[in-house]
Amino acid sequence: MSLTLGDRDAVQNRQNTVKVDLRALRQFLASVRRELRLPNTDVTVRLVSDAEIQRLNRVYRKRNQPTDVLSFPAVGQRRLGRLRNRLPAEGKNEPLGDIAISPATARRYARKHGRSFIGEMRILILHGVLHLLGYDHEADDGEMDRVETRFRQRLGLQ
């Protein structure tokens, strides 16, 4: 799935249910890229409605329910350690992939977990980027959770 690759650190709002600070999310996405040392990769985050994320979840994961975040890697599944060897040459950008986030679901999860809405959105961006890098918390015996916890701390997230 390609949402709109090629617009570095793009965060696009395609929903009107929840008010979102796009500037803050763009800045955070840039911070994630710096922290993960992904200088020449493009990531697009599209904020979508619950109905749209449910459709995407049904089509791509065979789960007919809304979810908070879905990731669509541009080039197969990659691993962070191996990615460094395959980063594009200086000045040449390559798409890492696309992330879809439902702010409405994120808001519900933030309330449920006692977090701020912006904090939850930041967590979802980090989570989505880790999926783009090939991490899979459903099949990796806790590896993604450990990596995500480490980067949450480094980025000042709960």
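Read-outs throughout are calculated quantities, based only on the coordinates presented, and are distinct from any laboratory measurement. The structure displayed is predicted, hence computed values, not measured ones. Cβ placement follows ideal geometry from the backbone for every residue including glycine, while neighbour counts extend to all protein chains displayed.
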Rounded to 5, the percent of DSSP beta bridges in region 10-154 classed as antiparallel
30 percent
Of region 110-149, those with amide N under 18 Å from the point 7 Å along the Cα→Cβ vector of Arg14 are 125, 128-129, 132
I want to verify the translational diffusion coefficient of region 10-154 in µm²/s; compute it with Stokes-Einstein, Rh as the Kirkwood radius over Cα pairs, at 25 °C and 0.890 mPa s.
158 µm²/s
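Show me the GluC sites (Glu not before Pro) within region 116-155 that DSSP assigns to loop and that have at most 13 other Cβ atoms within 10 Å of their Cβ. Before the final figure, lay out each step's value.
Numbers: sites: Glu120, Glu138, Glu143, Glu148; in loops: Glu138.
Within region 116-155, the qualifying GluC sites (Glu not before Pro) (loop, at most 13 other Cβ atoms within 10 Å) are Glu138.
Among Tyr135, Tyr109, which comes first, second and so on when ranked by fewest other beta-carbon atoms within 10 Å?
Values: Tyr135 22, Tyr109 18.
Ordered from fewest to most neighbouring Cβ atoms within 10 Å, Tyr135, Tyr109 come out as Tyr109, Tyr135.
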